[in-house]
Amino acid sequence: MMTTKVTTVIDYIVQRIADEGVQHCFGVPGDYAFPVGDAVDRNPNIKWIGCSNELNASYAADGYARARGAAMLSTTYAVGELSAINGVMGAKAERSLVFHVVGMPSYQNQRLRKTMHHTFGDGDFGNFIGISAQATCCHAVINPDNCMLEMERVIAEARRNNQPAYIVVPSDYALAPVAPTEVRPATLKSNESSLQKAVAAITERLKNAKSVVVLPAFTISRLGLQKEARAAIEAIGCPFATTSMEKCIIDESHPQFAGMYAGVLSPKDTREIVEGAEVVIDLGGISLNDETTTGFTTRLDPARFISIGLNDVRIKYQLFGNVRIADVLAALAKFESGAPLYKRTPAGNPSINGKPSDKITMDALYPRYAKFIRSGDNVVLESGSSSFGVPPMTLPDDVQVHIQMLWGSIGWATGAAFGIALANLKRKTILITGEGSHQLTANEIGNMGRFGANPIILCLNNDGYMVERALEPNPDWSYNDLAKSRYADVPHALGCTDWFTARVETLGELDAALKAARESKSGAYIEVIGGRMDMPKGLAFGHTRLKELYGETP
């Protein structure tokens, strides 16, 4: 197609990202990036969401992309992009598609090698491109002549890998007219011959297998293929299990759901089903990392795997390339299995226990959280106690759970909750975090109120970094201590004056606060006071697996 309408480079970039379904741009302004912010402000299809710092903005963009399929992040050259790079790398690790647009010094000043702010003063303006590019799957330095072609290339590559793209544009080029070029958006599709061979190999393996289990990966939700994955699983008729990274990816009331797999901490029948299966279908590229396997306690034979990746299929030593996962799922949904349909009665949660006057314990806390969570909620879990406490609980249908279990960047969940909430304001977002993580990014609460995100925040205050105390032999080192903050005062201090807030120490206070939080017409914040070394079962078990997690001490 040919675009003939005269437009600037940056207006074209912003509109092309908006065409990908992005309606918000998270960022922090900076003079080199003024053209980006201006273009977002004048574009009716996308709204500027100013964040407290670039790291928070990158976390928010990651969360938004998880919930919506893609996101836009805007930072300025060097100081801005480098502040955001941790969050962008987390998006790359866990496959969230973030378009990171960076404004850099003008091409004119680059050519003249002027000594500009945000540089080393050496006249070299390319120092940081290689660094930021490493956080993404593709990048482009945009000018008026290559703008249209390069945007199609990076969008296609970012979609193919479902990972971030880095787009950098000099400030003067950003304001120049784009050179009209004949371009056609790339259509990602499988090589038909390779797809047929892959599907034939999969079905042949399934027909000859005595037992099969499916492990749908977190990438299924990133690509929005939950319905397609469920249809394939139902056609195969076998059980499926999830790790904590895939919590609620398919409703846990589904009769074929075999429970959460976490190595030795799995329910007995779940572990037998997964580890005893003759064929394990890895649907999307599961991450069997130290966290999801509870310290590498799984017993899985890779030779039994059928690995269906985003762009290829692997069965033992056979690899079928250029095969899109959506096409494989569509083919598997037509599979006719002769095996009996697996059915399992969903497990219930531990009963609500404790008297109103009792202090809050983890055994009493997490069943209450499970009861509090409703159908239609977004639940965002910080890497730490909540990521071990909530996943074993059975949650209602149509709950979306977001967790950064692989990258595990402290403070991620607070920023991500902001982006997740804005991605769909019709769903209530519940952030469950610990104080150690929360303190890094809690300054974003003001913007949550400013832009109407209105989450429910449940912050566990247990006198320090509990997850760090759990993961080392001596939990009492001084570096695991924190300032004695009163977190429940933070929302009002940051301008969220209409939020419900509470600081609770007993189960009765907690129950009353949860009820009030759900009834609040704006946001809500509950500071939950817990025991210093009271931790969920999975985290306590991790304390016994330090050698397996970190290796033998020399």
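Of note:
- By accessible area, using a 1.4 Å probe on protein heavy atoms only, the range 447-554 has 53% of its surface on carbon and sulfur.
- Accessible surface of the range 222-359 [probe 1.4 Å, protein heavy atoms]: carbon and sulfur percent: 51 percent
- Cut-off of 10 Å, at most 16 other beta carbons, DSSP loop: longest stretch of the chain lacking such GluC sites (Glu not before Pro): 1-277
- Nearest-0.05 FRET efficiency for residue 184 and residue 296, computed from C-beta distance (R0 30 Å): 0.05
- Within the shell of other residues whose beta carbon sits under 12 angstrom from the beta carbon of residue 302, the net charge comes to +2, with Lys and Arg scored +1 and Asp and Glu -1.
- Ligands, DNA and RNA are left out, and with a 1.4 angstrom probe the accessible area of the chain is 41 Å² per residue.
- In the range 223-302, the trypsin sites (Lys or Arg not before Pro) that fall in loop regions by DSSP, at most 11 other Cβ within 10 Å: 299
- For the range 48-150, the carbon plus sulfur part of the accessible surface works out to 49%, probe radius 1.4 Å.
- Placing +1 on the Cβ of every Lys and Arg and -1 on the Cβ of every Asp and Glu, with no other charges, gives the chain a dipole of roughly 1140 debye about its Cα centre.
- Label-point separation in nm, residue 520 to residue 45, each point 7 Å along Cα→Cβ: 3.6 nm
- Extension gain (nm, one decimal) between residue 317 and residue 191, 0.36 nm per residue minus Cα-Cα: 43.4 nm
- Note on residue 278 and residue 226: their simple-model spin labels are 3.3 nm apart, each label 7 Å out from Cα toward Cβ.
- Spacing of the two label points (7 Å from each Cα toward its C-beta) at residue 398 and residue 443, in nm: 3.9 nm
- Loop-located trypsin sites (Lys or Arg not before Pro) in the range 489-543 (DSSP state other than H, G, I, E, B) with a sparse environment of at most 11 neighbouring Cβ atoms within 10 Å: 521.
- Between residue 375 and residue 550, residue separation times 0.36 nm minus the direct Cα-Cα distance comes to 59.2 nm.
- Eligible aspartates and glutamates near residue 247 by straight Cα distance, threshold 16 Å, same-chain separation 8 or greater: 94, 282, 291, 377, 382, 397, 398
- Partners for residue 197 among lysines (Cα-Cα distance below 28 Å; same-chain residues under 8 apart left out): 189, 207, 210, 227, 316, 334
- The charge dipole of the range 173-325, taken about the Cα centre with unit charges on the Cβ atoms of Lys, Arg (+1) and Asp, Glu (-1), comes to about 340 debye, rounded to the nearest 20.
- Global form of the chain, assessed from the alpha-carbon gyration tensor, a/c cut-off 1.5: oblate
- The residue among 106, 96, 148 whose Cα reaches farthest toward the positive pole of the charge dipole of the range 86-230, with charges on the beta-carbon of Lys, Arg, Asp and Glu, is 96.
- Our helix-only sum for the chain, with -39,500 (n - 2.57) per DSSP H run of n ≥ 4 divided by its residues, gives a mean residue ellipticity at 222 nm of -10000 deg cm²/dmol.
- Reachable lysines, given that their alpha-carbon falls under 16 Å from the alpha-carbon of residue 428 and they are not under 8 places away in the same chain: 371, 515, 521
- The magnitude of the dipole of the range 189-232, with charges of +1 and -1 set on the Cβ of Lys/Arg and Asp/Glu and taken from the Cα centre, is near 100 debye.
The values are calculated or read from the model by the stated rules, or taken from the named source; none is laboratory data. These numbers come from a predicted model, not from an experiment. We place every Cβ from the backbone using ideal geometry, glycine too, and count neighbours over all the protein chains shown. Just so you know, the surface numbers come from the protein's heavy atoms only, side chains and all, with ligands and any DNA or RNA stripped out. Shrake-Rupley method; radii C 1.70, N 1.55, O 1.52, S 1.80 Å.
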